[in-house]
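Take a look at the structure set out below.
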Amino acid sequence: MRSLLALVRKELLDLRAYPLDLLSYAISPALAVTPYLLLARLFGFDEGLVDSVAVGLLLWYWLSTLFWGVGFGLQEEMEEGVLETVLVHPVSIFTVLGAKAVVTVILNLYITGAMAAWFFAFGVPLVFPWPAFLGLVLLGGLGVSGFALGLAGLVLFYKRVYGIGDLFEHGLGALSGMTMPAAHLPRGLWLVSRLLPLSYAIESVRRVIAGDGVGPEVGLLVGLGLAYLVLGHRLLAVAERGMRAAGTTGEF
Amino acid sequence: MISCRGVTKTYVVRERAGFFRRGVRREIEALRGIDLAIARGAFVGLLGRNGAGKTTLLKIVATLLLPTAGEVVVDGIDAVREPTRVRRKLGVVLAGERTLYWKLTAMENLLLFGGLQDLPRREARERSEDLLELVGLSGFVDVSVEKFSSGMRKRLAIARALIHRPPVLILDEPTTGLDPHGVEEVWEVLRALREEGTTVLMATHNMLEAERLPTRLLIIEEGKLLTDGTPQEITARSGAQRMAVLTLGSRPKVDEGLLVHELGGGMYSLAVPMGRLPALLAQLQADGVDGVHLVNVGIVESGLWEAFLRLTGRPFDTAAEEP
């Protein structure tokens with residue numbers, strides 16, 4: 001626990017070095033998703049659908065930042081050249097990534113506040129059930145963490161995997177129904193969406209907004225999420241062992 | 001305290017690999033059956049040329065690298081099977097300057113790594129203050145590491161490695177790239193650790209460092225330990241002795257066993273054991289009548305330098321050229 005807290009503190013201290021990044025976090029995410037909301041308004045969708053789009057975007061944003069923050073977390077240490085020094089301490093690589101996840105959540109809370117203010121200014125107040133949203137984010141985070149651990153393993157092995165990261169982020173976003181419910185996807189892609197835990201997270205949160213409560217898909221969300229988490233954990237462990245065997249811990 | 005038995009390490013590389021070509025597989029044997037035992041409180045230097053296997057051996061002991069075969073035990077714990085437990089016993093300073101978070105201050109770095117060693121925050125802070133005093137950085141507690149000189153970073157890295165009072169300290173070329181003052185400052189810290197009885201395993205290719213700091217020296221070459229002993233024992237065993245290096249303005253006629261090295265521009269160098277110097281000078285003086293003249297005489301002080309070159313198979317006349 002002390003290791004985790006020390007690493008979280010370090011990540012937060014790092015933010016101090018680049019204070020203008022905090023301004024960027026407040027503006028850029030909102031600017032990225034606002035066009036979708038304005039389009040929804042432009043085509044005269046009712047408020048429920050606008051909220052649905054907003055929540056889909058927000059959920060996707062939360063989980064994609066978790067994906068990048070954890071997946072590429074080790075790349076920061078590799079670029080700084082300090083990964084080897086961290087690895088000679090009695091701290092697991094999963095703890096290092098856990099700290100990245102905690103800091104991502106803290107940053108996401110800040111970003112969400114800024115985003116809500118931004119949406120409100122554009123006439124789209126986010127008035128959906130926040131406890132259910134955060135609960136589903138947590139559950140959706142299981143599966144996304146699995147993908148992120150897998151990505152972190154690829155980073156250890158291949159060093160640069162931005163293309164894979166983009167593919168997963170945007171591919172997962174689109175296939176999970178980020179902007180359009182997955183039910184409207186072509187059948188082949190819809191079948192793929194059934195294998196993605198994020199699909200069930202987005203569908204659940206939309207269901208909650210519509211007042212239908214949490215549906216049975218939450219079970220699939222948790223089950224698939226845990227399966228991907230185990231898979232990601234295993235992939236990262238194999239990659240770490242391979243890196244220690246190949247002697248590439250100091251390479252980037 | 002540290003024991004290695006039959007440790008080997010083979011790296012696999014692919015040569016001429018491309019986008020659509022796997023390349024040719026090549027195996028590089030970095031370590032070839034290292035057997036080693038280091039007692040508690042010993043200060044052991046690992047001396048070898050670049051690529052000899054020093055860093056590979058240190059990284060295996062530090063659990064950063066897995067051996068291909070063999071056994072490494074630190075304070076009774078198997079380093080391959082229980083690396084996390086071993087890491088609690090070790091303080092490790094790797095080569096290079098990027099072993100700290102540069103955006104953090106000296107104190108923040110020490111508190112972070114203290115946390116990674118599971119130290120309570122208050123204890124880590126007290127220990128950090130003591131260590132910053134020890135390494136002469138108590139006036140730079142709240143300065144970010146990016147503002148530090150190379151020597152200061154290296155001293156802070158040593159403090160970082162000592163934060164949890166490890167019984168074993170591992171150092172990889174701790175003074176590479178430092179100016180003489182920086183080297184002396186690091187040595188001062190290491191001498192203090194030697195006096196305290198910390199077990200140290202230090203890789204170096206700096207002869208002066210190898211001669212002055214360790215109580216025991218291992219010479220490694222092409223992945224094998226060549227010899228083991230105090231610097232004085234190794235020098236004596238190798239037959240190396242203090243040498244005089246003469247620079248001459250023309251080629252002398254000398255006895256067999258003395259090598260003359262052409263420096264260019266009509267200049268020659270000649271290395272001779274100190275015991276034979278008076279006779280040689282007398283001979284040269286006599287030859288001087290015929291045009292051989294002495295330009296300069298220097299003394300090669302480091303017997304270890306010569307011993308190292310002898311043991312690792314470099315020609316002796318090349319050794320005589322070195323400062």
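Just so it is clear, none of the values below were taken in a lab; they were calculated from the coordinates. It should be emphasised that the depicted structure is a prediction, and the values quoted were computed from it without experimental measurement. As a convention, Cβ positions derive from the backbone with ideal geometry for all residues, glycine included, and neighbour counts pool all protein chains shown.
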Could I get the Rg over Rh figure for chain B? Both from C-alpha atoms, Rh via Kirkwood, rounded to two places.
-> 1.07
If region B:32-109 were replaced by its equivalent ellipsoid, with semi-axes equal to the square roots of 5 times the Cα gyration tensor eigenvalues, what would those be, largest first, whole Å?
-> 24, 17, 13
Give the Kirkwood hydrodynamic radius (Å, one decimal) of region A:111-252, defined as one over the mean of 1/r across all pairs of different Cα atoms.
-> 16.8 Å
For region B:1-130, the Kirkwood Rh over every pair of distinct alpha carbons, in Å, works out to 17.3 Å
Between A:E251 and A:V230, what length comes free when the chain is fully extended (0.36 nm per residue of separation minus the Cα-Cα distance, one decimal in nm)?
-> 4.9 nm
For region A:63-123, treating each Cα as an identical point scatterer without solvent, what Debye log10 I(q)/I(0) comes out at q = 0.13, 0.14, 0.21, 0.23 1/Å?
-> -0.45, -0.50, -0.82, -0.91
May I ask for the angle, rounded to the nearest 10°, between helix B:150-161 and the longest principal axis of chain B, with both axes built from Cα atoms and the value confined to 0 to 90°?
-> 50 degrees
Hey, what angle do you get for helix B:121-134 against the long axis of chain B, alpha-carbon based, 0 to 90 degrees rounded to 10?
-> 20 degrees
Full extension from A:A121 to A:E79: what is 0.36 nm times the residue separation minus their Cα-Cα distance, to one decimal in nm?
-> 11.2 nm
Can you tell which of B:E15, B:E126, B:E233 shows the greatest fluctuation in a Gaussian network model of chain B with Cα springs below 10 Å?
-> B:E15
Please average, across the residues of A:1-7, the number of beta carbons from any other chain that are within 10 Å of each residue's own beta carbon, and give a whole number.
-> 5
Sort out for me the Cα centre separation of region B:53-122 from region A:158-222, rounded to whole Å.
-> 41 Å
Please give, to one decimal in nm, the separation of the simple spin-label points placed at A:V222 and B:T84, each 7 Å out from Cα toward the Cβ.
-> 2.7 nm
Beyond 22 Å between alpha-carbons counts as too far, so tell me which of A:K100/B:K103; B:K89/B:K224; B:K9/B:K54 fall in that bin.
-> B:K89/B:K224
With R₀ set to 22 angstrom, the calculated FRET efficiency between the beta-carbons of B:Q285 and B:L263, to the nearest 0.05, is 0.55
So, relative contact order of region B:103-239 in percent, Cα under 8 Å, 6 or more apart, is 19 percent
If you plug each phi of region B:168-185 into the Karplus form 6.51 cos²θ - 1.76 cosθ + 1.60 with θ = phi - 60°, what whole-Hz ³J(HN,Hα) values come out, in order, with x for Gly and Pro?
-> 10, 10, 10, 10, 10, 6, x, 10, 4, x, 9, 6, x, 5, x, 4, 4, 5
Helical segments meeting 27 Å axial Cα length and Kyte-Doolittle 1.6 threshold in chain A (DSSP H) = A:93-121, A:130-158
Sorted largest first, the Cα spans of chain A on the principal axes come out in Å as 58, 41, 32
How much length is gained if the chain between B:I77 and B:D142 is pulled fully straight, taking 0.36 nm per residue apart and subtracting their Cα-Cα distance, in nm to one decimal?
-> 19.7 nm
Once the Cα atoms of helix B:106-116 and of chain B are each reduced to a long axis, what angle between those two axes, in degrees from 0 to 90 to the nearest 10, is obtained?
-> 60 degrees
Can you give the average number of partner chain beta-carbon atoms within 10 Å of each beta-carbon in peptide A:16-24, as a whole number?
-> 1
P(r) of the protein assembly as shown over all Cα-Cα pairs, 20 Å bins starting at 0, rounded to whole percent, reads 18, 39, 27, 12, 4, 0
Averaged over B:156-169, how many beta carbons belonging to a partner chain fall within 10 Å of each residue's beta carbon?
-> 1
Give the long-range amide H neighbours of B:I220: residues separated by 5 or more places, or on another chain, with amide H under 5 Å away, using H modelled in the peptide plane at 1.01 Å from N.
-> B:L47, B:G48, B:L226
With Cα springs under 10 Å, the Gaussian network model of chain B assigns the largest mean-square fluctuation among B:Q285, B:Q117, B:Q232 to B:Q285
Debye, to nearest 20: dipole size of the protein assembly as shown, +1 on Lys, Arg Cβ, -1 on Asp, Glu Cβ = 1380 debye
For an R0 of 51 angstrom, estimate the FRET efficiency from the Cβ-Cβ distance between A:L31 and B:S149 and round to the nearest 0.05.
-> 0.75
Candidates B:S269, B:S128, B:S250: whichever shows maximal mean-square fluctuation once chain B is modelled as a Gaussian network with Cα springs under 10 Å | B:S250
